[in-house]
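Note sheet for the following structure.
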Amino acid sequence: MQSAIQRAAAHVAALSHHNPFPGIYALQQRIGRRIQQRFGGNESLDAPLSALRFIDAKILREHARLYGDPACTELRAALAEAEGFHPSDIRVDSGADAVLALCLRALCVPGDAVVCSAGTYPTFSYFARAAGCEVFERPYRHHAGAIQADLDALIECAILRKAKVVYLANPDNPTGTWHSAEDIDTLCSHLPEYCTLLLDEAYLDFCPPLRQDRARVRQGCIRIRSLSKAYALAGLRVGYALADQDMLAQLDKVRIHYAVGGLAQYLARTVVSDPREAADLRAGNARWQEELARRLAAQGHRVLPSGTNFVSVLMPDAGAALQAQQQLLAQGIAIHRPEHPAFANLLRITACEDAFRDELFSALGGQIR
């Protein structure tokens with residue numbers, strides 16, 4: 001009788017990696033205590049979601065019972081109205097992560113090369129390896145107090161390896177830094193014609209310089225967005241791809257038709273259609289992020305520039321970062337420390353009102369001044 005490994009596809013059986021984000025409940029089981037404060041997932045914890053307060057229960061039941069629209073027609077129209085593009089320019093899926101997986105299914109076959117920065121959002125590599133791709137990483141560039149993806153190195157590697165895909169998070173996760181729209185245009189123009197840029201813009205709405213360019217379709221580029229951050233809908237799992245019609249047609253060939261449930265579509269449409277929700281959330285995040293960065297810097301910490309809803313702190317070394325993280329976990333407070341060795345000394349903290357806690361500042365090496 002064949003084992004499960006023998007039955008699996010060869011490129012899957014050979015994998016030894018694990019899910020980089022098992023979730024808060026798995027963490028609670030591992031440490032044996034309840035997490036009281038979760039500042040590691042960059043959920044928009046301060047969002048009131050007032051547009052959802054008075055939804056009729058009959059409407060909720062109706063959407064829960066029925067299959068949703070596979071084309072997400074009404075949600076696409078609401079997003080287009082809010083963000084400034086045409087509804088036909090996007091495809092909706094169950095979160096930005098699902099869009100990443102969708103793009104890899106459409107663009108790559110086992111054995112293809114893909115390129116990303118060493119230590120960037122790990123879900124891309126997780127999905128790419130699961131698709132049988134060979135992942136090539138390039139180090140970040142350290143300069144002027146910031147840590148940025150090295151676009152020249154990504155281009156060089158893509159050409160050298162004949163890569164089908166280059167992945168770039170902009171603003172970046174976990175550093176929070178970003179490249180200008182002009183930089184992205186240059187990157188696109190220098191990639192080979194057979195190579196597609198997957199531009200992960202999950203945090204774009206928190207970065208005013210990038211929001212000005214949020215509606216443009218770029219050739220050879222799939223812009224990937226999330227409703228988890230700037231619309232505070234992480235629990236609904238809704239994201240979308242913004243790309244040209246020919247590229248979207250290829251995504252349609254491998255897209256799961258009922259990936260986004262009707263209830264999720266309805267709730268997302270309700271929030272997106274209320275212009276106050278996202279604007280108020282962005283304004284509040286800007287205040288908390290600026291103040292959190294200021295207080296951490298006042299303690300002598302190296303705080304990276306951020307165009308996101310989190311603040312990243314570079315500790316003296318990996319040991320100091322791990323010690324601070326574990327001290328906080330012992331008190332039921334979760335912050336994020338990347339697994340990639342390139343950022344073993346980085347701690348990422350969600351910017352929100354409740355993050356201003358004595359326990360947090362004490363664990364990082366000082367008290368609030």
* To do: May I ask you to list the residues in segment 120-141 that are in contact with a Leu (Cβ under 8 Å, 6 or more places away or on another chain) and not in a loop (DSSP other than H, G, I, E, B)?
  => THR123, PHE124, PHE127, ALA128, ARG129, ALA130, ARG138
* Kindly list, by first and then second residue, each pair from a residue in segment 7-22 that is closer than 13 Å to SER125 by Cα to a residue that is assigned to a loop (DSSP other than H, G, I, E, B), limited to pairs with Cβ atoms under 6 Å and residues at least 6 apart or on different chains. => none
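Residue by residue, here is whether (1) outside the structural domain of ALA26 (by TED's automatic domain parsing); (2) surrounded by 15 or more Cβ atoms within 10 Å (Cβ to Cβ); (3) in contact with a Phe, Trp or Tyr (Cβ under 8 Å, 6 or more places away or on another chain); (4) under 19 Å from PRO20 (Cβ atoms) holds:
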position: GLY300; (1), (2), (3), (4): no, no, no, no
position: PHE343; (1), (2), (3), (4): no, yes, no, yes
position: ARG348; (1), (2), (3), (4): no, yes, yes, yes
position: ALA355; (1), (2), (3), (4): no, yes, yes, no
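Looking only at helices (runs of 4 or more DSSP H) that lie completely in segment 148-226, which have at least 3 residues being more than 19 Å from the chain's Cα centre (by Cα) and surrounded by fewer than 16 Cβ atoms within 10 Å (Cβ to Cβ)? Walk me through how you get there before you give the answer.
Details: elements: 151-161, 181-190, 208-211.
Answer list for segment 148-226: 151-161, 181-190.
Would you check if there is a residue in segment 273-281 being charged (D, E, K, R), in contact with a strand residue (DSSP E or B) (Cβ under 9 Å, 6 or more places away or on another chain) and over 19 Å from PRO208 (Cα atoms)?
First, pick out the residues of segment 273-281 that are charged (D, E, K, R): 274, 276-277, 280.
Filter again for in contact with a strand residue (DSSP E or B) (Cβ under 9 Å, 6 or more places away or on another chain), leaving none.
Checking segment 273-281: not a single residue is charged (D, E, K, R), in contact with a strand residue (DSSP E or B) (Cβ under 9 Å, 6 or more places away or on another chain) and over 19 Å from PRO208 (Cα atoms).
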* To do: State which residue is farthest from the chain's Cα centre (by Cα) when the search covers only segment 60-81 and only residues that are outside any helix (DSSP H, G or I) and over 28 Å from ARG282 (Cα atoms).
  => LEU66
* Asked: Under the condition of being exposed (fewer than 14 other Cβ atoms within 10 Å of the Cβ) and charged (D, E, K, R), which residue from segment 1-59 is farthest from ALA283 (Cα to Cα)?
  -> ARG7
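The values are calculated or read from the model by the stated rules, or taken from the named source; none is laboratory data. Since this is a predicted model, take the numbers as computed values, not measurements. Cβ: placed from backbone, ideal geometry, glycine included. Neighbour counts: every protein chain shown.
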